[in-house]
Amino acid sequence: MEGSYSQLQKQYKVCADTAQKYLGRAKSLQEQLQSQKETSHVLINQLKDLSVISSSQAESIKKSLENISTKDAYIRGLQSAIAYKDSLNMQLVMNLKGVISDLDDKDINIKIDKGVIYIDISEELLFVTGRYEVNERAQEVLGKVAKVLLNHPDIEFMVEGHTDPVPFKQGVLLDNWDLSVKRATSVIRILQNQYGIPPARMTAAGRAEYVPIAKNSTEDGKEKNRRTRIVILPQLDQFFKLLERPVAAY
C-alpha cells in the first residue's frame, strides 16, 4: 500500500500541474481573445468608414465575432473546470489512501474511473461469509474512511453490497439481493451512528451478483466479487457552478 500511495502522490502532482497549466493557458487565451476582439472592432470600423461595408454588415460581423468568442470562452471554461475537478478528486483519493496505508491492497482498493471515485472493501475485511454484521476490525477501517468523508461535507456517496452468484438463503435473508442490501445498510448505519456522517449524504444499494469485477469461474474471482463498494457520486451541481465562474477565478 505504501508503494501505491507514493505512486499516487506522483500522479496527483502531475494532475495538479496539468490543472495549473490549463488555468494559465485559459487566462492567456482570454487575454488574446480580448486583444483580437478589440483589433477586429477597429478594422470593422475602418472598413465602415471607407464605405467598404454598410452599417448593418458591420453590426452583423461584430455579433458573429462575439458569438465565436463566447463559445471559445465556454470551451476553455469547461476544460479548466474539468482539470480543477480532477485535481480535487485526486486529492481526495490521496487522503483516503493515506488513512488506510497500513492495509493490504487485497482488502481495500481505491480508484478513479471516468471521474468517479470507487472504494472497494473485501468481504473478508468486513464480514463473515453469509453474514451482514460488520466485524470489529472493519469498524475501525470504516472510521478512517469516515474521517476523510467528514472533511468533505459536500460529498454524497452510495454504499453498494456485492456478492458472488452462489445461491444463498438463511433466516430472514431470501437470496443474494437480501444479503447485499443488508450489508450495505449495515455499513451505512455504522457511518451514521458511530461516526456522525449525515444520513442525507448516503444511499444504500444492493447489487447482488449482477455487477462482477472478476470472472466467477474461479474461487479467486468469486472472492473479488464479494465486496462492499463505496461510490463517491459526481458533484454535478458544483461542476456546473464552476462553469458559471469567470475563467480568471479558477
Q. What number of residues in the stretch 108-154 are assigned to a loop (DSSP other than H, G, I, E, B) and surrounded by fewer than 19 Cβ atoms within 10 Å (Cβ to Cβ)?
A. 12
Q: Kindly indicate whether A184 is over 30 Å from S217 (Cα atoms), assigned by TED's automatic domain parsing to the domain that holds E124 and part of a helix (DSSP H, G or I).
A: no
**Q.** T203 being of a type in the set (V, I, T) and within 17 Å of I117 (Cα to Cα)
**A.** yes
Q: Test each condition in (1) modelled with pLDDT under 85; (2) in contact with a Phe, Trp or Tyr (Cβ under 8 Å, 6 or more places away or on another chain); (3) assigned to a helix (DSSP H, G or I) for S101 and report the one that comes out false.
A: (3)
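Let's see how each residue does on (1) free of Cβ contacts under 8 Å to residues at least 24 places away in the same chain; (2) touching a strand residue (DSSP E or B) at 6+ places or on another chain (Cβ under 6 Å):
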residue: M90; (1), (2): no, no
residue: N95; (1), (2): no, no
residue: S101; (1), (2): no, no
residue: K114; (1), (2): yes, no
residue: I119; (1), (2): no, yes
residue: E124; (1), (2): no, no
residue: E133; (1), (2): no, no
residue: V141; (1), (2): no, no
residue: K144; (1), (2): no, no
Q.
For the stretch 151-166: of the residues being among the aliphatic types (A, V, I, L, M) and within 16 Å of the chain's Cα centre (by Cα), which is farthest from K215 (Cα to Cα)?
A. I155
Q: Kindly indicate whether any position in the stretch 212-233 is at pLDDT 65 or above, at positive phi and of a type in the set (G, A, S).
A: no
Q) If you take the residues in the stretch 179-198 that are β-branched (V, I, T) and under 19 Å from R137 (Cβ atoms), which one is surrounded by the fewest Cβ atoms within 10 Å (Cβ to Cβ)? A) I190
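The values are calculated or read from the model by the stated rules, or taken from the named source; none is laboratory data. Keep in mind the model is a prediction, meaning the values are calculated, not measured. Glycine gets a Cβ as well: all are built from the backbone with ideal geometry, and neighbour counts include every protein chain shown.
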